[in-house]
Amino acid sequence: MVQVVEDIFGIATNPLTKMAQVIRRYTITNSNHMSVGIITLGATIQNIRVPDAFQETADVVLGFDDVAGYLKHQDLKFGCTLGRVAGLVSNGEFILDEHRVIVSKNLDQRHHSDGGFIGFDKVIWDLHLMRADGITLRHVSKAGHEGFPGRLAVMIHFTIDDESRLFIRIEAKSNKTTPVDICNHTYFNLAGHKAGVEGLFEHRFYMEGRKTIETNTTDKGVLPTGRCGSVKNSVYDIRQPAFMGDRLRQFKDMPVPGFHVNYALSKDVTSLDTRYLGRFLHNPTGRYMDIYSNQPALHFSTANQLPKQTHGEDPIMGKKCTRYWQNSGYALQFMGFPDACNQTMFPTIIILPGEKYFNETIYQFCVKEPWKCCATAEELEAMDKDLIRNS
């Protein structure tokens, strides 16, 4: 049985009205001791608590205990919703219906990124409905906000069930033709948000992704070239189970110290169903997370922008006074292709008046039997083969 409890998380200034407003938190709990906390600031996942193989419950997402923490570190997007257009709009403009549309340029004063200066991560969402299995948050983005055409009405349904699945369903409609690409950006660490780099390194993971979306290396690796490249024989090939630590060590001498990559999952957006895409496992606790989505692309990153402990930088102080450092978690953004507004070879993110945008992502949290948490390397390899065969 699922229950929803509401409490007050804090107070913040609404960036649209410039008035103080209460930030509410909604905690959704199931019968398997899983709970998810959602706050209205940025439609943010503030916590996810799940048990391990030994019935010890831990919070497995990075974040903060108060509004001040989220406001101070808004640029790092802890747990929040990104939009209208997540990712990039190159040069802050695109052609729509034979007219040039100019949007805000909040990245290097040149490009548009993650919804602009006041994206969906910064607005305060309204509670639309409290359901038996979760909540629905709503926000209406006025025509012309950050330069985008059309009035866009967005609803996000956060629900869980007794199989410990978290459903994030995003719906949007506009009264004018406009681009829409909305996703969630949560940093996970199945060892617990306190476990840091050591806990992240212990993860074994694999995900679908035969191709990556290439970027122009002469422009800080930001702009897509419009082409996709094979992951074969590269550090980005994660189609077979691998240790996160082994993979991250391969980035040691590279400009970016971890994953910061867009995977092309499918170019056919007309027939995308929600499908299984991969698994993250923290073997010492037995926690694992299976991932499902209906989106054509995935941006996968490993908190590379967080402070560098090896460089003596000051940490970010997170929940329970936890120090968050670089590579303390990983984020999965299931979304459209980057800069799809300007790349004619990419699947479109344009919706027509009255047409519904729909993004569904599912995270299912499970545990392996305790004995498997202490399995030998040979037993782990056998389990990996069985896992892939049955997926």
**Report entry** Restricting the range 62-89 to residues that are among the small types (Gly, Ala, Ser), within 20 Å of ILE349 (Cα to Cα) and at pLDDT 95 or above, the residue that is farthest from the chain's Cα centre (by Cα)
**Finding:** GLY83
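Listed here are the residues, each with its yes/no results for (1) of a type in the set (Phe, Trp, Tyr); (2) on the phi > 0 side of the Ramachandran plot; (3) touching a Leu at 6+ places or on another chain (Cβ under 9 Å); (4) crowded, with 16+ Cβ neighbours inside 10 Å.
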site	(1), (2), (3), (4)
TYR276	yes, no, no, no
ARG279	no, no, yes, yes
SER301	no, no, yes, yes
PRO315	no, no, yes, yes
GLU360	no, no, no, yes
**Report entry** Enumeration of residues in the range 135-144 that are within 21 Å of SER104 (Cα to Cα) and surrounded by 21 or more Cβ atoms within 10 Å (Cβ to Cβ)
**Finding:** HIS139, SER141
**Report entry** Flag for ALA132 being open to solvent by 50 Å² or more (accessible area, probe 1.4 Å), in a loop (DSSP other than H, G, I, E, B) and touching a residue at least 60 places away in the same chain (Cβ under 8 Å)
**Finding:** yes
Requested in this report: Among the numbered conditions (1) crowded, with 18+ Cβ neighbours inside 10 Å; (2) in contact with a helix residue (DSSP H, G or I) (Cβ under 9 Å, 6 or more places away or on another chain); (3) modelled with pLDDT of 95 or more; (4) of a type in the set (D, E, K, R), tell me where LYS368 comes up short.
Outcome: (3)
Requested in this report: Within the range 192-205, identify whether any single residue is over 16 Å from VAL60 (Cα atoms) and either without any contact (Cβ under 8 Å) to a residue 24 or more places away in the chain or surrounded by fewer than 20 Cβ atoms within 10 Å (Cβ to Cβ) (or both), and answer yes or no.
Outcome: no
Query raised in the report: If ASN262 satisfies every condition in (1) open to solvent by 20 Å² or more (accessible area, probe 1.4 Å); (2) farther than 30 Å from VAL89 by Cβ; (3) out of contact with any Phe, Trp or Tyr (no Cβ under 7 Å at 6 or more places or on another chain) but one, which is the exception?
Result: (2)
Query raised in the report: Can you spot a residue in the range 331-353 that is open to solvent by 20 Å² or more (accessible area, probe 1.4 Å), on the phi > 0 side of the Ramachandran plot and over 18 Å from the mean Cα position of the chain (by Cα)?
Result: no
Query raised in the report: Does the range 89-103 hold any residues that are in contact with a strand residue (DSSP E or B) (Cβ under 8 Å, 6 or more places away or on another chain) and either in a strand (DSSP E or B) or buried (at least 20 other Cβ atoms within 10 Å of the Cβ) (or both), and which are they?
Result: VAL89, SER90, GLY92, GLU93, PHE94, ILE95, LEU96, ARG100, VAL101, ILE102, VAL103
Query raised in the report: Which residue, of ILE170, ILE156, ILE213, is assigned to a strand (DSSP E or B), touching a Pro at 6+ places or on another chain (Cβ under 8 Å) and touching a residue at least 60 places away in the same chain (Cβ under 8 Å)?
Result: ILE213
Query - Residues being over 20 Å from ILE213 (Cβ atoms), part of a loop (DSSP other than H, G, I, E, B) and in contact with a Gly (Cβ under 9 Å, 6 or more places away or on another chain) - total across the range 247-262 - result: 0
Query raised in the report: In the set PHE120, PHE148, which member is open to solvent by less than 10 Å² (accessible area, probe 1.4 Å), under 26 Å from GLY354 (Cα atoms), of a type in the set (Phe, Trp, Tyr) and more than 19 Å from the chain's Cα centre (by Cα)?
Result: PHE148
Report summary line: Selection from the range 4-37 of residues in contact (Cβ under 8 Å) with a residue 24 or more places away in the chain, open to solvent by 50 Å² or more (accessible area, probe 1.4 Å), farther than 22 Å from ASP65 by Cβ and of a type in the set (S, T, N, Q) yields SER31, ASN32
Report task. Would you check if LYS72 is among the charged types (D, E, K, R), closer than 17 Å to TYR330 by Cβ, open to solvent by 10 Å² or more (accessible area, probe 1.4 Å) and touching a strand residue (DSSP E or B) at 6+ places or on another chain (Cβ under 9 Å)? Result -> no
Query raised in the report: If the Cβ limit is 9 Å and pairs must be 6+ apart or interchain, which residue in the range 242-265 that is farther than 20 Å from GLY199 by Cα and without any contact (Cβ under 8 Å) to a residue 60 or more places away in the chain pairs with which residue that is open to solvent by 10 Å² or more (accessible area, probe 1.4 Å) and aromatic (Phe, Trp, Tyr)?
Result: VAL261/TYR236; TYR263/TYR236
Query raised in the report: Out of the residues in the range 173-186 that are assigned to a loop (DSSP other than H, G, I, E, B) and open to solvent by less than 50 Å² (accessible area, probe 1.4 Å), which is nearest to THR274 (Cα to Cα)?
Result: ILE182
Report summary line: For the range 204-227 the number of residues that are over 19 Å from ALA86 (Cβ atoms) and modelled with pLDDT of 95 or more is 4
Query raised in the report: modelled with pLDDT of 95 or more, at negative phi and not polar (S, T, N, Q): does that describe PRO255?
Result: no
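The values are calculated or read from the model by the stated rules, or taken from the named source; none is laboratory data. Model, not experiment: these values are computed from the prediction. So basically every Cβ, Gly included, is an ideal-geometry build from the backbone, and we count neighbours across all protein chains shown. Just so you know, the surface numbers come from the protein's heavy atoms only, side chains and all, with ligands and any DNA or RNA stripped out. Shrake-Rupley method; radii C 1.70, N 1.55, O 1.52, S 1.80 Å.
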